[in-house]
1. For the stretch 96-107, take each phi angle, set θ = phi - 60°, evaluate the Karplus expression 6.51 cos²θ - 1.76 cosθ + 1.60, and give the result in whole Hz per residue in order, putting x for glycine and proline.
2. With θ set to phi - 60°, apply the Karplus curve 6.51 cos²θ - 1.76 cosθ + 1.60 along the stretch 225-235 and write out the HN-Hα couplings as whole Hz, x wherever there is a Gly or Pro.
3. Cα gyration tensor of the chain, axes a ≥ b ≥ c as square roots of the eigenvalues: rounded (a/c below 1.5), prolate (a/b > b/c) or oblate?
4. At a Förster radius of 35 Å, what calculated FRET efficiency corresponds to the Cβ-Cβ distance of N212 and N177, to the nearest 0.05?
5. Picking from N433, M343, S367, whose Cα lies most toward the positive end of the charge dipole for the stretch 320-473 (charges on Cβ: Lys, Arg +1; Asp, Glu -1)?
6. Could you tell me which of rounded, prolate or oblate describes the stretch 230-315, using a ≥ b ≥ c as the square roots of the eigenvalues of the alpha-carbon gyration tensor, with rounded for a/c under 1.5 and, failing that, prolate when a/b is larger than b/c and oblate otherwise?
7. Checking the a/c ratio against 1.5 first, then a/b against b/c, what shape does the Cα gyration tensor give for the stretch 156-235?
8. Which value, in debye to the nearest 20, gives the size of the charge dipole of the stretch 124-267 about its Cα centre, when Lys and Arg are +1 and Asp and Glu are -1 at the Cβ?
Amino acid sequence: MVEVLSLRTYYSNMLNPTVFRNYDIRGIVPDELTELSAEEIGKAFGTLVQSKYGKNIVVGHDNRKTSAPLKDKFVYGLMSTGCNVTDIGLSLTPIIEFLTFEKEFDAGVIVTASHNPKQFNGFRFCGTKADPLYGNSIQEIKSTIDTQNYKKSMGSVTYEDLSEVYVKYMVSNFQFNKRHRVIVDCGNGTSSVISMNIFERLNLSVVGMYCNLDGDYPHGTPDPESNLFMQDLAKEVLKQGKEIGIAYDTDGDRFGLVDEKGTIYSNDKMLLLFGKYMLKDNPGASVIYDVKCTALLEDKIKEFGGVPIMMRTGHPYFIERMKGGALLGGEFSGHIYFSDKYMGFDDGIYASLRVIEILDKEDKSLSELMSAFPKMYHTEELKYPCNDNEKEALIEKIREVVKSNLSIVRVDETDGIRAYLNQNTWFLVRASNTSPYLSLRFESQREKDLNDALIYIEGLLPKFQRPLEILYS
């Protein structure tokens with residue numbers, strides 16, 4: 001009995017509890033996440049998923065140097081519980097989710113840390129038809145590891161590259177009248193393997209930028225939400241005279257865009273474009289967006305004939321709402337969700353092809369299409385370092401101060417604190433679900449009002465560093 005208890009304590013202690021986040025498991029390798037812990041996570045997930053969905057699991061991994069070893073141990077853990085695993089090797093998050101629709105898989109897992117730096121890695125899970133596994137399910141995985149209460153049976157593993165199923169779907173669902181001139185920046189991430197293949201087979205004039213696999217990410221971690229990451233692409237679009245530049249993150253579920261003039265567009269502005277064109281054929285449909293997105297969406301979606309709904313940040317909440325009937329969804333970080341002609345999950349490659357489809361039909365440049373929307377002064381998402389175990393207390397302190405301030409005209413608590421200094425000026429402070437920081441964002445029609453909001457936050461967060469650049473787009 002003593003040996004059993006000590007073994008349980010060992011496995012419970014070998015995983016930093018902060019890696020069990022709200023909608024994935026993620027941490028620094030090997031300090032917080034090891035190959036041994038990956039095997040235990042596999043056992044716990046295999047036990048959980050069989051009670052909810054079944055035992056046929058598709059598994060893939062991104063191109064981080066730690067991903068394949070973690071995946072191998074995770075698969076071994078899955079098999080020890082009786083799961084039948086199809087290991088598709090190097091892959092993208094959208095491909096895993098796609099295969100839960102197109103193939104008879106009960107669940108899908110990808111080993112990835114998405115936009116986090118190369119020292120991070122983790123696991124993202126979904127059930128059948130990309131049903132998100134998060135929150136209580138993640139905690140159930142942790143508690144199963146703590147108790148070592150695993151199913152025990154003999155499973156199997158099959159190695160099969162299924163990326164062609166996804167590629168053929170994309171190629172068969174798009175057809176362009178023009179040979180659009182495109183630059184694709186993969187940031188040395190996993191999308192390098194797939195995206196160029198799709199674009200070439202669609203007969204687009206495509207140039208690849210950093211589209212060789214390199215898990216060290218020598219040009220910076222692929223993150224299309226980052227203006228700094230997007231700047232190389234913007235320069236190259238201008239240099240080569242291309243129509244559009246497209247960037248993807250490491251695991252391909254997010255994208256970023258640059259127009260022919262080198263203008264970088266945040267994802268919430270692209271949601272305006274998608275909403276305008278999709279609502280023409282779907283009047284009265286819902287368009288969902290997260291609390292980091294522009295205030296323009298509320299009025300513009302109504303103007304286009306849709307119903308705007310602001311939501312908390314996080315792909316599980318968006319996928320669930322898409323399954324509930326929303327037409328279109330978007331998060332500021334680069335996730336776009338389509339139920340119109342697609343399956344409702346976030347897919348950077350699919351979203352970028354929908355942009356090219358609009359360019360093709362309208363026969364206008366991206367800058368011309370985007371000129372229809374007002375410009376706003378705004379910031380990127382700003383990250384204020386904060387330990388995971390301190391975030392909620394700090395948010396609560398800010399909530400008390402903001403709600404007692406009579407100069408604040410409105411406070412929205414959908415996700416964190418989104419406070420309006422006037423009808424056109426707001427700031428957001430929320431706790432990140434994936435990393436040890438607070439997420440902040442600011443927007444206004446007037447630069448002076450935006451600076452007032454920055455000054456206000458400086459009074460609340462003494463170590464806050466205002467951004468070097470105020471964006472106007």
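1. Taking θ as phi minus 60°, the curve returns 4, 5, 4, 5, 6, 8, 8, 10, 8, 9, 7, 6 Hz for the stretch 96-107.
2. Along the stretch 225-235, the couplings run 6, 7, 4, 5, 5, 7, 5, 4, 5, 4, 5 Hz.
3. Oblate.
4. 0.65
5. So the residue we want is N433.
6. Judged from the Cα gyration tensor, the stretch 230-315 comes out prolate (a/c at least 1.5, a/b above b/c).
7. Since a/c reaches 1.5 but b/c is at least a/b, the shape of the stretch 156-235 is classed as oblate.
8. In total the dipole reaches around 400 debye.
The values are calculated or read from the model by the stated rules, or taken from the named source; none is laboratory data. Computed from a prediction, not measured in an experiment: that's the story for all the values here. Note: ideal-geometry Cβ built from the backbone for every residue, glycine included; neighbour counts use all protein chains shown. To get the accessible areas, we keep the full protein, side chains included, count just its heavy atoms, and leave off ligands, DNA and RNA. Shrake-Rupley method; radii C 1.70, N 1.55, O 1.52, S 1.80 Å.
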